[in-house]
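Take a look at the structure below.
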Amino acid sequence: MSDTNATRGTQAPRTTATRATDAPPAGATATRATDAPPAEALPPERGALRALLPALAGHRAMTARTCVAALLEQGSLVALVTLAAHTVGTAVIEGGAPSAGTVTALVALVLVRALTTWREMDLSHDLAYRVLAALRVRVFDGLARSAPARVAGRRSGDLAATAMADVEALEFFYAHTTAQLLASGTVLAGGTAVLAAVEPWLLAAVLPVAALLAAAPFAEARGRAGRGARTRAAVATLSADTVETVDGLRELLAFGALAGRRRRLAERGRQVGEAQRAEATWEAGAAALRDLLIVAALLGVVVAAAQSLTAGRLHGAWVPAAMALALAVLGPVAESARSLSQAVSLRAAASRVKAAVDAPALAPPPAVPRSLPPGPLGVRLDRVSFDYGAGPVLDGVELTVPAGQTLALVGASGAGKSTCAHLLARFWDPSGGRVQLLPADGDPVDLRELDDAELRGAVALVGQETPLFHGTLAENLRLAAPAADDDLLAETARRCDVDRIAPLDTPVGERGATLSGGQRARIALARALLARPRVLILDESTAHLDNTSDARLAAALRQEGRTTIVIAHRRATIRRADRIAVLEAGRIAEEGTWEELTARPDSALNRSLAHLPS
């Protein structure tokens, strides 16, 4: 569990995981989102696949080319097998070789078939992967837009399964469904028209089977969707357990719990296998039924053609041609039915992806954003209330921090300190009251009146846990300010003692695995300072620093004259603040200087200090 790293502008997403002390109950969300179930709990939604079709709108030209290629591929096959069968029938009945024109047409159809098959596969998969690339970005944007409430209580492996595995599963839908359905419908219409012109009675054998093949995916849609949902849920659970196992490998080894964890992963894998086998078994049975229907249609065509031949209504050469044509038009229909059935089983994946894409913004952008004037900024919480859906966390908080002042926010675990920090960073909006920035000149500015870039440029939040990414120290620092020059980077690293950790071009390892907690804390602070925020919020981010480093950092921050809010459980850190505010029961119980508050034996600060280290 970690708080967000400091961000600036639009270079970093507004994401965080809430701390256990202030976090909402598992599965709970902010007041505005209490009616929305977590994405993993959503049942497969009818129409979820259709809702993802507009993703093709940005690729209209390629979609059209794919449909044309699919139509030519299927149409050329129908023409090829029908002409070949008719040619053979004519040669047998008339005892003559086919004409040069017929041979030329057959060769041309073979070449067209080969070319269009390759082209259709190339275009359909190119289209699908372009759509998936854009869809992954939209999923991430949805998660970032609704974080942290929508990700609270969700496991990182499950979120990864939505962003990666669920999106990847939709490749089949985009590559093998839309164009193929259109092409097979067109080929069926053209083929039945030819059969009707040759002998109308042949349609009695073809059309009922085509109707059954087309209706089958819809008749079994609920069962397929349920089986698909079980598979997606099992894959998501396995992904979550795997990520947690990798992250906690050292702890599992240290406490001898690895064997039990391996058994758990094996059980999760068995559940995935069972779910996948259930889907595969049902599909095998459905495929066999489709084959039986086509065989029945062919037998019907043989009977109808034989009767027509006997009655003199059908030329003998058209008997094999009719059989080939019936097979050629029913084959794509059966393949489309298979594709549609498999697409139905993806409804659960589509529902999870759609829920992420359509996730509501818990901090929506303003209709008409305001700009902040230059200069120092103060902070005000004006009658702020907030809850996670399970009772109020903040209840009418009144707190003002003048520009350039350092305020220590103190309180017991769960008092709402981190919630205040998250509201100041506008990860959520308050359910009541206002969170404002106070310019030295001008009226107060509600955070809801600022666009995200303006807010991130003014306010930075640093948590006690530091998300680091695979890359060098310099790359991790520049997340907050990609355009920072080398001199500013080096100076900021020096002030936060980051230069003592390692050279700035040193790789830190994934999630900073090669660094200690104190080193990661220094990097987080340097990253925030590199963005030059006017308001800095430190949510126990100095907890991993020793007293000397903490004091040196506090002196450096004071010299810059910015407004700083420190959430701390260390006496020395609290004592250095200009003012102290104590949170109790969702309200500011008292506020004042160290000397004022500690002079009263019954003060709320003294009650808190009794349980704090020096």
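The values are calculated or read from the model by the stated rules, or taken from the named source; none is laboratory data. What you see is a predicted model, and the numbers here were worked out from it, not measured in a lab. Backbone-built Cβ (ideal geometry, glycine too); neighbour counts: all protein chains shown.
With the requirement that a residue be in contact (Cβ under 8 Å) with a residue 12 or more places away in the chain and not aliphatic (A, V, I, L, M), what does segment 249-269 give you?
Within segment 249-269, R261, R264, R268, G269 meet the criteria.
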- Message: Can you pull out every residue in segment 457-475 that is polar (S, T, N, Q) and free of Cβ contacts under 8 Å to residues at least 60 places away in the same chain?
- Response: T472
- Message: Going by what's in this entry, would A599 be described as assigned by TED's automatic domain parsing to the domain that holds A421, closer than 16 Å to L399 by Cα and at pLDDT 80 or above?
- Response: no
- Query: Looking at segment 446-467, which of its residues are among the hydrophobic types (A, V, I, L, M, F, W, C) and surrounded by fewer than 24 Cβ atoms within 10 Å (Cβ to Cβ)?
  - Reply: L447, L450, A453, A458
- Message: Restricting to segment 107-120, and then to whatever is crowded, with 16+ Cβ neighbours inside 10 Å and hydrophobic (A, V, I, L, M, F, W, C), can you tell me which residue is farthest from T63 (Cα to Cα)?
- Response: L109
- Item | Which listed residue is out of contact with any strand residue (DSSP E or B) (no Cβ under 9 Å at 6 or more places or on another chain), closer than 30 Å to A79 by Cα and at pLDDT below 85, from G248, G312 | G312
- Taking the options A415, A460, A425, name whichever one is at pLDDT below 90 and touching an Asp or Glu at 6+ places or on another chain (Cβ under 7 Å). A415
- Consider A210 carefully, then state whether it is buried (at least 18 other Cβ atoms within 10 Å of the Cβ), at pLDDT 85 or above and more than 30 Å from D387 (Cβ to Cβ). yes
- Task: Might you let me know whether segment 99-120 holds any residue that is modelled with pLDDT under 90 and not in a helix (DSSP H, G or I)?
- Result: yes
- Message: Pairs please, first residue from segment 414-433 and closer than 25 Å to A453 by Cβ and in the same structural domain as I567 (by TED's automatic domain parsing), second anywhere and of a type in the set (K, R) and surrounded by 24 or more Cβ atoms within 10 Å (Cβ to Cβ), Cβ atoms under 9 Å, 6+ apart in sequence or on different chains.
- Response: A425/R456
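Quick check on this structure: which one of A572, A521, A585 is surrounded by fewer than 16 Cβ atoms within 10 Å (Cβ to Cβ), at pLDDT below 85 and either under 25 Å from P482 (Cβ atoms) or in contact with a helix residue (DSSP H, G or I) (Cβ under 8 Å, 6 or more places away or on another chain) (or both)?
On inspection, the qualifying residue turns out to be A572.
Has segment 413-426 got at least one residue that is buried (at least 17 other Cβ atoms within 10 Å of the Cβ) and farther than 30 Å from L609 by Cβ? It would help to see each step written out before you state the result.
Our first condition is that a residue be buried (at least 17 other Cβ atoms within 10 Å of the Cβ); within segment 413-426, this holds for 415-426.
Subset that is farther than 30 Å from L609 by Cβ: 426.
Scanning segment 413-426 turns up at least one residue that is buried (at least 17 other Cβ atoms within 10 Å of the Cβ) and farther than 30 Å from L609 by Cβ.
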- Determine which member of the set A61, A70 is more than 30 Å from A326 (Cβ to Cβ) and more than 21 Å from the chain's Cα centre (by Cα). A61
- Kindly indicate whether R150 is basic (K, R) and either at pLDDT 85 or above or surrounded by fewer than 21 Cβ atoms within 10 Å (Cβ to Cβ) (or both). no
- Task: Would you check if A421 is outside any loop (DSSP other than H, G, I, E, B) and either farther than 14 Å from V379 by Cβ or over 24 Å from the mean Cα position of the chain (by Cα) (or both)?
- Result: yes
- Can you give me the number of residues within segment 97-139 that are more than 21 Å from L182 (Cα to Cα), of a type outside the set (K, R), in contact (Cβ under 8 Å) with a residue 60 or more places away in the chain and out of contact with any Leu (no Cβ under 9 Å at 6 or more places or on another chain)? 2
- Item | Selection from segment 519-534 of residues that are touching a Ser or Thr at 6+ places or on another chain (Cβ under 7 Å) and assigned to a helix (DSSP H, G or I) | R520, A521, I523, A524, L525, A526, L529, L530
- Would segment 270-284 turn up any residue that is under 28 Å from A211 (Cα atoms), touching a residue at least 40 places away in the same chain (Cβ under 8 Å) and not charged (D, E, K, R)? yes
- Look at V131 and say whether it is in the same structural domain as F173 (by TED's automatic domain parsing), modelled with pLDDT under 90 and touching a His at 6+ places or on another chain (Cβ under 8 Å). yes
- Message: Tell me the residue from A481, A493 that is without any contact (Cβ under 8 Å) to a residue 40 or more places away in the chain, small (G, A, S) and surrounded by 19 or more Cβ atoms within 10 Å (Cβ to Cβ), please.
- Response: A493
- Query: Would it be correct to say that A219 is surrounded by fewer than 16 Cβ atoms within 10 Å (Cβ to Cβ), modelled with pLDDT under 85 and of a type in the set (G, A, S)?
  - Reply: yes
- Run down L381, L394 and say which single residue is closer than 18 Å to E584 by Cβ, in contact with a helix residue (DSSP H, G or I) (Cβ under 9 Å, 6 or more places away or on another chain) and in contact (Cβ under 8 Å) with a residue 60 or more places away in the chain. L394
- Query: Condition test on A287, is it in contact with a His (Cβ under 9 Å, 6 or more places away or on another chain) and either modelled with pLDDT under 85 or assigned to a helix (DSSP H, G or I) (or both)?
  - Reply: no
